[in-house]
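In what follows, a structure is listed as structure tokens, so that the remarks can point back to it.
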Amino acid sequence: MLNEIDLSRADLNLLVLFEAVIEEGHVGRAADRLNISPSAVSHGLQRLRRMLNDPLFVRTPKGVVATARALELAPPVADILARVRSVVATAEPFDPAGSSRRFTLGAPDGVSAVFLSPLLSLMAKAAPRVAISIRQLLPEQGESAPARAWRGAFAELESRAMDIAVMPADDIPARFHCVTLYEEDFVIAMRAGHPFAEAPTLERYVGMRHLVVSLAGDPHGFVDTALEQHGLRRRMALTVPNFMFALAIAGESDMLVAVPRRFAALYATRFGLVTADAPLALPRFRLNAVAPHAAMMDAGLGWLFGMLVEACGGSGGGE
């Protein structure tokens with residue numbers, strides 16, 4: 001957004017002002033949020049317009065409306081400010097009771113849905129002002145080796161776009177700190193009264209219609225790999241981008257879906273689903289919380305690792 005020459009003479013506090021105005025949609029409310037005068041906000045916007053060569057905001061009777069360029073800039077500006085705040089926060093002693101830090105956690109939704117509620121309950125008591133952002137993680141399609149399947153997550157951790165990733169991978173590169181939260185296997189979820197529940201055999205399983213969770217729409221998953229070892233294929237009818245959506249669809253159809261056992265125990269009944277053990281051996285996964293070793297000087301991250309372990313009901317095992 002800014003080249004090196006511009007950056008040397010730019011006031012980066014203007015990005016904080018930009019964030020406040022685009023989130024509030026009103027100069028006066030942005031001024032109150034920043035504890036400055038509306039006039040100071042208006043002068044700051046003028047400087048931003050010159051710096052970014054765009055009007056950025058158009059006045060209306062109800063406030064201001066962001067231009068297309070401002071909307072385009074909003075995500076990278078938010079990312080820049082989040083990283084700066086993280087750097088500043090790590091330079092100060094971490095006191096969870098008084099901290100207002102925001103941590104970003106990445107995990108598949110079938111994992112974050114398991115740990116998030118107990119984590120928030122713990123934090124409400126120990127760190128009421130600390131905030132959490134969740135990023136959806138899924139492995140890269142067509143990659144079987146964990147180091148490659150999760151390379152996008154590893155890159156985001158090293159760039160500090162995420163603080164901690166929780167992923168079902170054992171082969172964690174040595175440059176990352178790793179704590180095991182819990183182990184997970186998969187069960188087959190289906191609507192209540194589904195005929196498969198009466199006799200969950202492998203033969204009947206492959207004859208049913210199936211849905212699979214795939215961010216990119218690839219219908220081939222680890223269940224298919226296991227079936228191929230028996231010389232079998234299943235009837236894939238639908239792919240969906242996350243596990244919660246999969247439960248909603250399965251509850252209103254005759255399709256079967258393989259979902260994490262803990263996730264199913266928490267949410268299946270809400271969608272009118274029942275579960276059965278898989279009629280063939282499926283892999284078990286170890287859910288690990290991961291962060292770069294270089295980031296572990298941050299006392300806040302160490303505290304958050306402890307909170308995650310407690311939220312998952314385990315003692316944790318670190319590297």
Anything in the stretch 229-255 that is open to solvent by 40 Å² or more (accessible area, probe 1.4 Å), part of a loop (DSSP other than H, G, I, E, B) and either closer than 20 Å to T269 by Cα or not small (G, A, S) (or both)? List them, or say none.
Q229, H230, L232, R233, P241, N242, E252, D254
Can you pull out every residue in the stretch 264-287 that is open to solvent by less than 60 Å² (accessible area, probe 1.4 Å), of a type in the set (A, V, I, L, M, F, W, C) and closer than 23 Å to L202 by Cβ?
A264, A268, L273, V274, A276, A278, L280, L282, F285
Go through the stretch 108-136 and give me each residue that's buried (at least 16 other Cβ atoms within 10 Å of the Cβ) and among the small types (G, A, S).
G110, S112, A113, A127
Going through the stretch 203-228 in order, the residues found to be in a helix (DSSP H, G or I) and either in contact with a His (Cβ under 6 Å, 6 or more places away or on another chain) or acidic (D, E) (or both) are E203, D224, E228
Let me spell it out: the conditions are (1) among the small types (G, A, S); (2) touching a residue at least 24 places away in the same chain (Cβ under 8 Å); (3) farther than 24 Å from S112 by Cβ, and A174 meets all of them except one. Which number is the exception?
(2)
Give me the residue from the stretch 157-185 that is of a type in the set (A, V, I, L, M, F, W, C) and in a loop (DSSP other than H, G, I, E, B) and, out of that set, nearest to the chain's Cα centre (by Cα).
M162
Name the single residue, out of those in the stretch 84-107 being surrounded by 13 or more Cβ atoms within 10 Å (Cβ to Cβ) and part of a helix (DSSP H, G or I), that is modelled with the highest pLDDT.
V84
Out of A165, A153, A189, A216, I need the residue that is in contact with a Phe, Trp or Tyr (Cβ under 8 Å, 6 or more places away or on another chain), of a type in the set (G, A, S), touching a residue at least 12 places away in the same chain (Cβ under 8 Å) and closer than 19 Å to N242 by Cβ. Which one?
A165
Only unsatisfied item for L17, checking (1) open to solvent by 30 Å² or more (accessible area, probe 1.4 Å); (2) closer than 28 Å to T104 by Cα; (3) at pLDDT 90 or above; (4) not polar (S, T, N, Q), is (1)
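The values are calculated or read from the model by the stated rules, or taken from the named source; none is laboratory data. Predicted, not measured: the structure shown is a model, and the values here were computed from it. Positions of Cβ are backbone-derived with ideal geometry, glycine not excepted, and every protein chain shown enters the neighbour counts. The accessibility values were calculated without ligands, DNA or RNA, using every heavy atom of the protein model including side chains. Shrake-Rupley method; radii C 1.70, N 1.55, O 1.52, S 1.80 Å.
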